[in-house]
Amino acid sequence: MSVVPVIEADVLRRQDPELAEILLGELARQSTTLQLVAAENFSSPAVLAALGSPLANKYAEGYPGARHHGGCEIVDVAERVAVERAKALFGAEHANVQAHSGSSAVLAAYAALLRPGDTVLALGLPYGGHLTHGSPANFSGRWFDFVGYGVDAETGIVDHAQVRSLARLHRPKAIVCGSIAYPRHIDYALFREVADEVGAYLIADAAHPIGLVAGGAAPNPVPYADIVCATTHKVLRGPRGGMLLCGSELAERVDRAVFPFTQGGAQMHTIAAKAVAFGEAATPAFTAYAHQVVANARVLAAGLAGEGFVVTTGGTDTHLITVDPLPLGVDGRAARGQLAAAGLVLDCCPLPHGDSRGLRLGTAAVTTQGMGEGEMATIAALLAGVLRGRVDTRRARDEVRDLVGGFPPYPG
Ligand SMILES: *Cc1c(COP(=O)(O)O)cnc(C)c1O
């Protein structure tokens, strides 16, 4: 099976060379530069095949067995398989696999549990909270009253004492735990305890670590949170999309919050691709992958520390690392541009002290490519070499190309 069946079949190339060129150009970019964006991964050819399938044509509003459209008997099976696989993978009583994205999943979780104007306690945006955790530019900040907790400015660890005191002070209706840039495991038991103390719901936004959870390499929020929101495309390596996990008592509220409250027809090709990804994630190979992702991140973090970067929290438990490059003479924003020019693709992120921007890196994609600890040391040296001006951009680009050339994400 080819990676991009339409291109190999030459259909798109013949009909629309302009778009075929763009698709192939992106495939070339992904295969010749180093993908260190922590939220990205390489989906398998099987996942991409499901995404590119005729299930994309099917309208299916509602849920299996109760659709508003005819002809859903086959896609109903796809959704049931996806739901059963998700439940088994994460030990959840209920799964909703229709959320179009991680943000849609969070929106649905709020819709299931909250009313406009309710108070919500979440990690503040300057410390790595997601836009859906109360940004004024997002529905969350406009419709709810968000209170932000922080991380310790020195250690970068979530300030659990502050979580407790803000919860007691503000009596939120819900507490959100989860971040776009937190490299450590989240203490779900502690958040549950605080939520119980003040009578709040606990929502775990596990968009980043859910793939590690699937592979047994990170703690599972399902036993602790009332609702777990997640993406399916980050470490989990499925199609772009979201999902929600909860207990049976919230199942109906969650389902109605997704459809009809916040979404229309389910995207059946994506749901089929989610089922494929859940199937892959249940294999021993994925368990090994998840553990290798973390082992690689630890080596990369240590390598970066050795090169003079300040590594937030001193290391990582996950796929994700954040660093301050300032000791190398450049802030995160400038560093990202210099590194991109050299083919090293990553993001900026907030830092605990909040004075400047840092860099966020992840090992999910490079590990899927087959890279191991040895390559992580090479990458740390390359990153530092570029920022310190030891390696010029052109030579770095060649070195990156040589490195990734040995680990094609889609061989053949
Ligand atoms: C990625 C992410 C999201 C949003 O996912 P999208 O699919 O981009 O909408 C939400 N919350 C957290 C914590 C994330 O990391």
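The values are calculated or read from the model by the stated rules, or taken from the named source; none is laboratory data. This structure is a prediction, so every number in the text was calculated from the model and none was measured. Methodologically, a virtual Cβ is constructed for each residue, glycine included, from the backbone with ideal geometry; neighbour enumeration extends over all protein chains shown. Side chains are part of the model used for accessible areas, which takes the heavy atoms of the whole protein and leaves out ligands, DNA and RNA. Shrake-Rupley method; radii C 1.70, N 1.55, O 1.52, S 1.80 Å.
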Mind checking whether some residue in the range 118-140 is more than 16 Å from the ligand (Cβ to nearest atom) and without any contact (Cβ under 8 Å) to a residue 40 or more places away in the chain?
yes
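For residues that are aliphatic (A, V, I, L, M) and either over 18 Å from the mean Cα position of the chain (by Cα) or not in a helix (DSSP H, G or I) (or both), scanning just the range 350-373, find the one that is surrounded by the fewest Cβ atoms within 10 Å (Cβ to Cβ). Break it down stepwise before answering.
At the first step, the residues of the range 350-373 found to be aliphatic (A, V, I, L, M) are 351, 359, 361, 364-366, 371.
If we keep only those that are either over 18 Å from the mean Cα position of the chain (by Cα) or not in a helix (DSSP H, G or I) (or both) too, we end up with 351, 359, 361, 371.
On the way: L351: 27, L359: 27, L361: 31, M371: 22.
Here the answer is M371.
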Please state which one of G215, G247, G241, G211 is small (G, A, S) and open to solvent by 10 Å² or more (accessible area, probe 1.4 Å).
G247
Check on C246, under 21 Å from the mean Cα position of the chain (by Cα), away from the ligand (no atom under 14 Å from the Cβ) and under 20 Å from V120 (Cβ atoms)
yes
Can you name the residue in the range 141-181 that is part of a helix (DSSP H, G or I) and among the aliphatic types (A, V, I, L, M) and is also nearest to the ligand (Cβ to nearest atom) among such residues?
V163
On the basis of being at pLDDT below 95 and under 26 Å from G150 (Cβ atoms), does P350 make the cut?
yes
Look at A285 and say whether it is of a type in the set (G, A, S), without any contact (Cβ under 8 Å) to a residue 40 or more places away in the chain and away from the ligand (no atom under 16 Å from the Cβ).
yes
Residue satisfying all of: in the range 214-247; in a loop (DSSP other than H, G, I, E, B) and polar (S, T, N, Q); farthest from Q369 (Cα to Cα) among these
N220
For E193, state whether it is touching a Lys or Arg at 6+ places or on another chain (Cβ under 8 Å), open to solvent by 50 Å² or more (accessible area, probe 1.4 Å) and in a helix (DSSP H, G or I).
no
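Based on this model, can you work out whether D347 counts as over 18 Å from the mean Cα position of the chain (by Cα), surrounded by fewer than 22 Cβ atoms within 10 Å (Cβ to Cβ) and either acidic (D, E) or in the same structural domain as A218 (by TED's automatic domain parsing) (or both)?
Values: over 18 Å from the mean Cα position of the chain (by Cα): no; surrounded by fewer than 22 Cβ atoms within 10 Å (Cβ to Cβ): yes; either acidic (D, E) or in the same structural domain as A218 (by TED's automatic domain parsing) (or both): yes.
So D347 fails the test.
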In the range 99-123, anything part of a loop (DSSP other than H, G, I, E, B) and open to solvent by 10 Å² or more (accessible area, probe 1.4 Å) is listed as H100, S101, L114, R115, P116, G117, D118
